Structure formats: C-alpha cells, structure tokens
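Student: Can you read through this structure? Questions will come right after.
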Amino acid sequence: MEQHSKEWYLARLGKWTGSEVGKLMVSGRSKGDIFGETAKDYIFDKASERLLRDEVINDGAMWMEYYNLTSISSKAMEFGTEQEPYARKRYAKLTGYDVHEWGFAQHKDIPTFGTSPDGLIIEDGKVTRTLEIKCPIGKTYIKYASSVMDWQTLKKVNPQYYWQCVSHCSCLGTPV
C-alpha cells in the first residue's frame, strides 16, 4: 500500500506506530510517573481509535470526517513529504542501493504495532536496511546537517526520530 493513502491510514488505525512511539518513551515529571502527559494522550488516542475502528473502516463518510478531524499538517511537513522522493533517489545514487518504497510494516509479534519506513534495502530477498528520510528546513536543517548522526547523537538531538528508526528495525528485523 502507498503511504498516505486511505488504506495506509486504515492499516495504522488503533495501532502504535513508529512515527509516534517516541511519545511513550518519556516518563512523567513526578517521581513514579511511568508516562508523561503526551504519552497518556497518545494512549487515549489509540484506545479511542480501537473503539471506533470498525465503524470508521466501514463507513466512508465517517472515515472522511475522522481523517479531517485527526490529520495534522504543516508547511514544513508538506515540504518534507514533497522532497522525500528526491531524497530517496539521492540516497540510492550516493550508496548504490536499490531503495524499495514501503507502506506499513506490521510487527511480527506485536499485532498492535507497526511502522512505515521511507525505504527498504533488500539484498538476497531479505530486508537488510531501513531508510527514514527527513527533509528539514531552516535552522533545523543546519542543526542536523552539522551533526554526525550515529545512534547516540540521534537520540540526544531528536528522540522521536531515534525511536522511529528503532521501530523500523524492530518491525522489519534489521540491525540497530
């Protein structure tokens, strides 16, 4: 399935996703709080999606209403989405890898968890690498472009991106 298609949104409905799982990795401000407020909001969102899932999937009008109420976009996000195909081609050219686009990868052991990598490297019929593309603008671009992005640095610079990449590896069985 193509990312950002109706089928893709429906496949993710009610599931923990790589792009959002980082919200669960931050504990609350008070001692003993397992989850912060952002994590709790995410948990409640997923719970409500699970309650509504069948109705949303089976009712076209409800699907559009739900999508319009819950979809989030910004100019920076739109720019990143528009630039993604060019970045994927550039990565392929620089590395020599054949990059395959992918929709939603369901975790093999956790039915309520999946992720949507921006590309897969498949060698000898097996996924060996996942690709997550970010196309930031302005000062964010400078911040990221001037850093060496190993796993530890990525976790410090942007924990959300770190957990998203870890999710890709977990769902697709590639090394971290």
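Student: With no solvent and one point per C-alpha, what does the Debye sum give as log10 I(q)/I(0) for region 1-158 at q = 0.17 Å⁻¹?
Tutor: One equal scatterer on each Cα of region 1-158 leads to -1.30.
Student: Once phi is turned into ³J(HN,Hα) by the Karplus curve 6.51 cos²θ - 1.76 cosθ + 1.60 with θ = phi - 60°, what whole-Hz value does each residue of region 17-28 show in order, with x for glycine and proline?
Tutor: With coefficients 6.51, -1.76 and 1.60, one gets 10, x, 5, 10, 4, x, 4, 7, 8, 10, 7, x Hz.
Student: Can you compute the helix-only [θ] at 222 nm over the chain? Use -39500 (n - 2.57) per DSSP H run of at least 4 residues, normalise by all residues, nearest 500 deg cm²/dmol.
Tutor: Computed mean residue ellipticity for the chain: -16000 deg cm²/dmol.
Student: Taking the chain as a Gaussian network, where each spring joins two C-alpha atoms under 10 Å apart, which residue of ILE142, ILE57, ILE110 fluctuates the most?
Tutor: Of ILE142, ILE57, ILE110, the most mobile in the Gaussian network model is ILE142.
Student: Round to a whole number: what % of the accessible area of the chain belongs to carbon and sulfur, probe 1.4 Å?
Tutor: Answer for the chain is 55 percent, counting heavy atoms of protein chains only.
Student: Going highest first, how would you order 152-161, 90-99 by mean Cβ packing within 10 Å?
Tutor: Descending mean neighbour count gives 152-161, 90-99.
Student: For the pairs LYS108/LYS155; LYS93/LYS134; LYS23/LYS46; LYS93/LYS139, flag any whose C-alpha to C-alpha distance is greater than 21 Å.
Tutor: Table pairs above 21 Å Cα-Cα are LYS108/LYS155; LYS93/LYS139.
Student: Sticking with this structure for a sec: Work from the charge dipole of region 24-73 (Cβ charges, +1 for Lys and Arg, -1 for Asp and Glu, about the Cα centre) and give the residue of ALA39, ILE57, SER27 farthest towards its positive end.
Tutor: It is SER27, whose Cα lies furthest towards the positive end.
Student: Now a separate question. To the nearest 20 Debye, how big is the dipole of the chain about its Cα centre, given +1 on the beta carbon of each Lys and Arg and -1 on that of each Asp and Glu?
Tutor: 760
Student: Please enumerate, by chain and number, the aspartates and glutamates with C-alpha under 16 Å from the C-alpha of LYS40, excluding those fewer than 8 residues away in the same chain.
Tutor: Candidates past the 8-residue exclusion: GLU20, GLU49.
The values are calculated or read from the model by the stated rules, or taken from the named source; none is laboratory data. As the structure is a prediction and not an experimental result, all values here were calculated from the model. Positions of Cβ are generated from backbone atoms using ideal geometry, with glycine treated the same way; all protein chains shown enter the neighbour counts. Just the protein is used for accessible areas: all its heavy atoms, side chains included, with ligands, DNA and RNA removed. Shrake-Rupley method; radii C 1.70, N 1.55, O 1.52, S 1.80 Å.
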